[in-house]
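One structure is given here, and the rest of the page talks about it.
The values are calculated or read from the model by the stated rules, or taken from the named source; none is laboratory data. Quick caveat, the model's predicted, so the values are computed rather than measured. When we count neighbours, we look across all protein chains shown, and the Cβ atoms used for this are built from the backbone with ideal geometry, even at glycine.
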Amino acid sequence: MKRFTYERVYSPSDAVEAFASTPGARYLAGGTNLIDLMKLGIEAPAHLIDVNHIGLDRIEDTADGGLRIGALVRNSDLATDARVRSGYPVLARALVSGASGQLRNKATVGGNLLQRTRCLYFYSGDLPCNKRQPGSGCAAQEGISRNLAIIGGSSACIATYPSDMAVALRVLDAEVETLRCDGGTRRIPLANVHALPGDTPHVEHVIEPGELVTGVLLPQRVGGVQRYLKLRDRASYAFANVSIALIAHYDRQGLSAARVAFGGVAPKPWRVEAAEAGISSAADPANHIVEIALAGATPTEQNAFKLTLAGRALTVLLDEARASATC
Ligand SMILES: Cc1cc2nc3c(=O)[nH]c(=O)nc-3n(C[C@H](O)[C@H](O)[C@H](O)COP(=O)(O)OP(=O)(O)OC[C@H]3O[C@@H](n4cnc5c(N)ncnc54)[C@H](O)[C@@H]3O)c2cc1C
Ligand code: SF4
């Protein structure tokens, strides 16, 4: 095992200062992803900065009627917050579909956002993986690709991004707040946080080394019927083959507007706003969304089923949403 040092910090500014002064450092939140990767030797930080005691563990109302969720809020606490359950139910539903109760009690909002892929070759130290070791190749292209991306990947990497929470945050138009090592702050739309692999699959997001995620901002509640459907190989402890976050609005004529994001199909939460335009006049809204949002998909033989599954899942979800909107 590679030796590392450990330090506990007590404020966000101490965290970024500690990072700036220690080469090879990483932030430690719930540790449910980072510690696993360290045990497997896939991540080997020289220094861990424990950010569990820096505050940022509250969910607060914002002046414009939204919510600010601290980066250290645990997934369980976020899922059970009354304001989230009533105003942002798609988020509560996505959270409880992830991992297990024990993991959600430890996992934080910041750590969930920056968790790494579950591609099995990424975890298998002796096979080529451009994400783990840039330039080494991609064992998945000719290997087992059932759980990997059908859109947004590249010849260098077809891994999916695994978070359920982030798929819901994408339809909610959330923003991520950060504190940089130079003391500056940023507010980044969730849509722009995660990167497509291109020829640099090891670069997974735009958060810079040492930049601390301090929270997530949710805009004013948007109402509508909100649903999250996750389809996976077993009912617990499994990542999505396909998941869908939906916010649907109905009027007397029927479906008037919808926001749809897909998980389990791409290297980031996949939402194409252009697919949502014209939904109210589409004869088959699910097909309309899938045809536009997943246009250009390049599935492998093993995961082509995800295209069909996405369409069927969205049909079911829209049927359920319509039924609950009219009852
Ligand atoms: C068996 C198992 C099943 C799972 N199933 C699911 C699932 O179905 N759906 C799902 O969405 N997830 C699932 N997960 C993943 C789990 O949700 C993540 O491991 C968890 O959310 C990570 O949060 P954490 O606080 O433990 O992060 P950590 O492991 O502490 O950190 C993860 C990464 O984020 C960085 N980081 C943490 N906090 C910050 C911050 N504030 N600023 C900057 N960087 C930060 C760390 O340096 C590290 O690189 C599963 C995990 C396991 C082990
Ligand atoms: S798909 Fe990405 S993570 Fe998986 S082996 Fe290829 S490069 Fe590695």
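If I ask for residues that are on the phi < 0 side of the Ramachandran plot, outside any strand (DSSP E or B) and surrounded by fewer than 19 Cβ atoms within 10 Å (Cβ to Cβ), which ones from segment 203-233 would you list?
VAL203, VAL206, GLU208, PRO209, PRO219, GLN220, ARG221, VAL222, ARG232, ASP233
Among the numbered criteria (1) of a type outside the set (Asp, Glu); (2) closer than 21 Å to LEU172 by Cβ; (3) at pLDDT below 95, which one does GLY278 miss?
(2)
Kindly indicate the residue of segment 104-125 that is within 12 Å of ligand 2 (Cβ to nearest atom) and of a type in the set (D, E, K, R) and also nearest to GLY31 (Cα to Cα) among those meeting that condition.
ARG116
Residues being part of a strand (DSSP E or B), hydrophobic (A, V, I, L, M, F, W, C) and either within 17 Å of the chain's Cα centre (by Cα) or within 15 Å of ligand 1 (Cβ to nearest atom) (or both): count how many of those fall in segment 151-193.
3
Restricting the search to segment 95-148, which residues are within 14 Å of the chain's Cα centre (by Cα) and in a loop (DSSP other than H, G, I, E, B)?
Residues satisfying the conditions are SER97, GLY98, ALA99, ALA107, LEU114, GLN115, ARG116, THR117, ARG118.
This table checks each residue for (1) modelled with pLDDT under 95; (2) surrounded by 22 or more Cβ atoms within 10 Å (Cβ to Cβ).
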site: LEU34; (1), (2): no, no
site: MET38; (1), (2): no, no
site: GLY41; (1), (2): yes, no
site: ASN130; (1), (2): no, yes
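Could you figure out which of (1) over 18 Å from LEU172 (Cα atoms); (2) under 16 Å from the mean Cα position of the chain (by Cα); (3) β-branched (Val, Ile, Thr) isn't true of ILE54?
Tallying (1) over 18 Å from LEU172 (Cα atoms); (2) under 16 Å from the mean Cα position of the chain (by Cα); (3) β-branched (Val, Ile, Thr), ILE54 fails exactly one: (2).
Condition first: without any contact (Cβ under 8 Å) to a residue 60 or more places away in the chain and assigned to a loop (DSSP other than H, G, I, E, B). Now tell me which residues in segment 234-252 satisfy that.
Matches in segment 234-252: ARG234, ALA235, ALA238, ARG252.
Take LEU95 and tell me if it is farther than 21 Å from LYS230 by Cβ, buried (at least 22 other Cβ atoms within 10 Å of the Cβ) and out of contact with any Cys (no Cβ under 6 Å at 6 or more places or on another chain).
Details: farther than 21 Å from LYS230 by Cβ: no; buried (at least 22 other Cβ atoms within 10 Å of the Cβ): yes; out of contact with any Cys (no Cβ under 6 Å at 6 or more places or on another chain): yes.
No: the conditions fail for LEU95.
Can you find a residue that is farther than 18 Å from GLY98 by Cβ and surrounded by fewer than 23 Cβ atoms within 10 Å (Cβ to Cβ) anywhere in segment 157-166?
The answer is no; no qualifying residue exists.
Would you call GLU204 more than 11 Å from ligand 2 (Cβ to nearest atom) and of a type outside the set (Gly, Ala, Ser)?
Judged against the criteria, GLU204 is not a match.
With the requirement that a residue be at pLDDT 95 or above and within 18 Å of ASN287 (Cβ to Cβ), what does segment 228-255 give you?
Those that are at pLDDT 95 or above and within 18 Å of ASN287 (Cβ to Cβ): LEU229, LEU231, VAL242, ILE244, LEU246, ALA248, LEU255.
With the structure loaded, tell me whether VAL176 is of a type outside the set (D, E, K, R) and buried (at least 21 other Cβ atoms within 10 Å of the Cβ) or whether it fails that test. Walk me through it before giving the result.
Numbers: of a type outside the set (D, E, K, R): yes; buried (at least 21 other Cβ atoms within 10 Å of the Cβ): yes.
Yes.
From the list SER243, SER236, which residue is under 17 Å from SER97 (Cβ atoms) and surrounded by fewer than 13 Cβ atoms within 10 Å (Cβ to Cβ)?
SER236
If you go through segment 115-133, how many residues are within 18 Å of ALA238 (Cα to Cα) and touching a residue at least 24 places away in the same chain (Cβ under 8 Å)?
Qualifying residue count for the region: 8.
Read through the list (1) surrounded by 19 or more Cβ atoms within 10 Å (Cβ to Cβ); (2) farther than 27 Å from LEU217 by Cα, then give the number of the only condition that GLN141 fails.
For GLN141, the exception is condition (1).
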